[in-house]
Amino acid sequence: MQPRIPRQSADEPRPGPRADGDAGPSDELAAVVSGARRRAVRDGDQQIDTAHLLHSLLEQDPEARGVFGDGPGLARLLGYLVQRSIGYGLRWQGSVEDSGAPSPAPEAEGYSPLAARAMEQARERAAGRGAGPAHGIDLLAAIAAEPRARAVEVLGRAGVEAEAVLARIEELSAQSGSSSR
């Protein structure tokens, strides 16, 4: 069975403003999505799920990685994500990461329903603070807030509570003097 993940060509335009005035993702978040897409294709998964997004966030977004610090917790989390790539995630292959919510919008093709919803919530979070495009930290907050996300399962297996991730994001936001970053 061929993966349903749309391939991104080298000449594909960068994400830009959407028809509804949304600025779309930041360049950093676009790179995270591109990395998640490559990881999903390489893993033989049919859709980008929240664990693919989390793995790509940790690899490519220093702000999102900073939520976890530089200690053994981050190493353990990356270890679980790598294990997922080499077999831990096999039990997820062929299944859809879903919360039972209504189907995502057509532009979310290639994402699991939960990953599509997390991407939309990241855009909403960025819009709510009036800060322009969504960033990786917005996506991390959206992922951590969904208890049924595969990424939240990976966090738990690595000994990281999703609630602690959300609290750390809020703490960092308060330190930066902004309500969301």
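Go through region 44-61 residue by residue and turn each phi into a ³J(HN,Hα) via Karplus (6.51, -1.76, 1.60, θ = phi - 60°); whole Hz please, and just put x for glycine and proline.
x, 7, 7, 9, 6, 10, 5, 5, 4, 5, 4, 4, 5, 4, 5, 6, 10, 10
Going by amide H atoms built from the backbone, whose H comes under 5 Å of the H on TYR111, apart from near neighbours?
The list, which skips near neighbours in sequence, is ILE48.
Around PRO147, what is the net charge, scoring Lys/Arg as +1 and Asp/Glu as -1 over all other residues with Cβ under 10 Å from its Cβ?
-2
Quick one: check the C-alpha center-to-center distance for region 47-76 versus region 122-172, whole angstrom.
11
Mind ranking 25-36, 140-151 by how tightly packed they are, going by the mean number of other C-beta atoms within 10 angstrom, highest first?
The packing order, highest mean first, is 140-151, 25-36.
May I ask you to sort LEU114, LEU74 by Cβ crowding, counting other Cβ atoms within 10 Å and putting the fewest first?
Going from sparsest to densest Cβ surroundings: LEU74, LEU114.
A short reminder: the numbers here are calculations on the coordinates, not readings from a lab. Treat the numbers as computed from the prediction; the structure is a model and nothing was measured. Heads up, the Cβs are rebuilt from the backbone with ideal geometry, glycines too, and the neighbour counts pull from every protein chain shown.
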